[in-house]
1. Sort 166, 64, 171 by Cβ crowding within 10 Å, fewest neighbours at the top.
2. What does the net charge come to around residue 122 if you take all other residues with beta carbon closer than 15 Å to its beta carbon, with K and R at +1 and D and E at -1?
3. In whole angstrom, and with the biggest value first, how far do the Cα coordinates of the chain range along each principal axis?
4. Could you tell me which of rounded, prolate or oblate describes the range 1-155, using a ≥ b ≥ c as the square roots of the eigenvalues of the alpha-carbon gyration tensor, with rounded for a/c under 1.5 and, failing that, prolate when a/b is larger than b/c and oblate otherwise?
5. State the extension gain, in nm to one decimal, for the chain segment bounded by residue 204 and residue 170, taking 0.36 nm per residue of separation less the distance between their alpha-carbons.
6. Based only on other Cβ atoms within 10 Å, what is the fewest-to-most ordering of 240, 275?
7. What value, in deg cm²/dmol to 500, does the helix sum -39500 (n - 2.57) over DSSP H runs of n ≥ 4 give at 222 nm once divided by the residues of the chain?
8. Step through the table entries 25/87; 66/170; 62/167; 59/167; 3/59, compare each Cα-Cα distance with 18 Å, and write down the pairs that go over it.
Amino acid sequence: MKKSMAELGLMISVILWGSSFALTKPLLDFMNIFTFMAFRFVTGGIVLVIFLVFLKHFKLSKNEIKGGIITGTLLFSAFVFHTLGLKYTSVAKNAFIVGSNVIFVPIILTVLYRKKQPLNVWISTFLALLGLALVTLDGTQGGVNQGDIITVIGTLFVSFYILKVEKFVKEAHSLTLATVQVLTVGILSLILALMSDDAQVIASHLKQNPQLMINILILSVGCTSIAYLIANYSQSILSSSRIALLYVFEPIFAAVFGWIILGEGIGIQGILGASFITLATILPSFLYFIHVHND
């Protein structure tokens, strides 16, 4: 039951993250990636601090500080490449490549951590890889471009981020870890934003289009504060391989929101790819059900 609730919670985070791609793209037309990330993560971090104060949880352990800074730095690196990649490719392609951490996580676990993965993980990984290839190479999405390659680099950082969160969250308060993590991304982004963007131009754009400010608030509170809090808690219960597979739903929701909000379409090949990804995600649960039923 606890595991099912953790998976349900993570799916809520994945839906929120899926919506973030379409909400982000219009903002990148007039602000650079560091300013966007500063808006999102500083605001999100402040909201998490308010949660901590409300719960009267004022203690910070060394493990939470260290874990938050390390995972926050990895998350910052991933977001830099993912957000930059989004400027040069479609929402659907960017999101599906972001979801390819499902491929890298079991490989990293096997090669670097010497942790052998069961056969069902590799079958799911192959199906996810096939699905991602179908979506990414879909002719209606324009073929491979520089944005896709940049996004792949970010996804490598996400894979290491997932593994490091799994390590630190077992000995940390999930809300505290998420707060330090999000604030780390926010502070690093703010430093670079102050050095590289024009505040007056940004203020003018936001004043002319209030909807963009609503996008920032949804991204900061829903897609950052709430989503990363739930995700950190869920990862204290679920394995990194299972986390990576559930993350693969993110691009499916991103494609849906990209169609609804931005009018970006996805072809038959892309739909077929999304089906393979969905199959890869539900396969472990199906095999587990068969195993339990046979016993």
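Just so you know, all these numbers are worked out from the coordinates, no wet-lab data involved. What you see is a predicted model; the values in this text were computed from it and never measured. Quick reminder, even Gly has a Cβ in these numbers, built from the backbone with ideal geometry, and neighbours come from all protein chains shown.
1. Exposure proxy ranking, most exposed first: 171, 166, 64.
2. Working: positive: 115, 116, 242; negative: none.
Net charge in that neighbourhood comes out at +3.
3. Extents along the principal axes: 64, 51, 31 Å.
4. Working: a/c = 1.85, a/b = 1.17, b/c = 1.58.
Oblate, because a/c is 1.5 or more while a/b does not exceed b/c.
5. On the way: separation 34, 0.36 × 34 = 12.24 nm, distance 4.47 nm.
Length gained, residue 204 through residue 170: 7.8 nm.
6. So the residues, fewest neighbours to most, are 275, 240.
7. After summing the helix terms and dividing by the residues of the chain, the value is -25500 deg cm²/dmol.
8. 59/167; 3/59
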